[in-house]
Amino acid sequence: MRASIRIEGEVYVSIEEAARCYAITVEELIEVHELGLLGPSRVHETTTLLRIEVLDRVARLRRLTRDFGLDLTAAVLLLD
C-alpha cells in the first residue's frame, strides 16, 4: 500500500504506516483507535486507514509515552 491514499477528497494513511512513522506498536495504536481517540477511520481492502488530521494526536501520544515515561493508559487520559 502507498504511504497515503485519497478517498472522497480526504487523505488517509494506514494504521500500520502511522505506527511505523511514530515508533509506536500497531497494537497500541489500534487500542487508542478503538477507544475512539483518533476519530473515524475507513477500511480500504483489509487495511484500517486514519485521516492524516489525527496524526498530531499520535505524535502527542508518542511524546507523552517516550519523553515523560507515561504508560499508554495515562497518555490516553491526558489526550482525552
Would you confirm whether any residue within the stretch 44-53 is at pLDDT below 90 and either among the small types (Gly, Ala, Ser) or assigned to a helix (DSSP H, G or I) (or both)? no
Hey, among 72, 35, 77, 49, which residue is among the aliphatic types (A, V, I, L, M) and under 11 Å from the mean Cα position of the chain (by Cα)? 49
Listed by first then second residue, the pairs whose first member lies in the stretch 51-80 and is of a type in the set (S, T, N, Q), whose partner is modelled with pLDDT under 90, with beta carbons under 6 Å and at least 6 positions apart or on separate chains, are 65/75
Of all the residues that make up the stretch 28-41, how many are farther than 26 Å from residue 6 by Cβ and among the hydrophobic types (A, V, I, L, M, F, W, C)? 1
Would you check which residues across the stretch 42-75 are under 17 Å from residue 5 (Cα atoms), loosely packed, with under 14 Cβ neighbours inside 10 Å and of a type in the set (Ser, Thr, Tyr) and list them? 46
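The values are calculated or read from the model by the stated rules, or taken from the named source; none is laboratory data. Small disclaimer: the values here were computed from a predicted structure and weren't measured. Neighbour counts run over all protein chains shown; Cβ positions are idealised from the backbone, glycine included.
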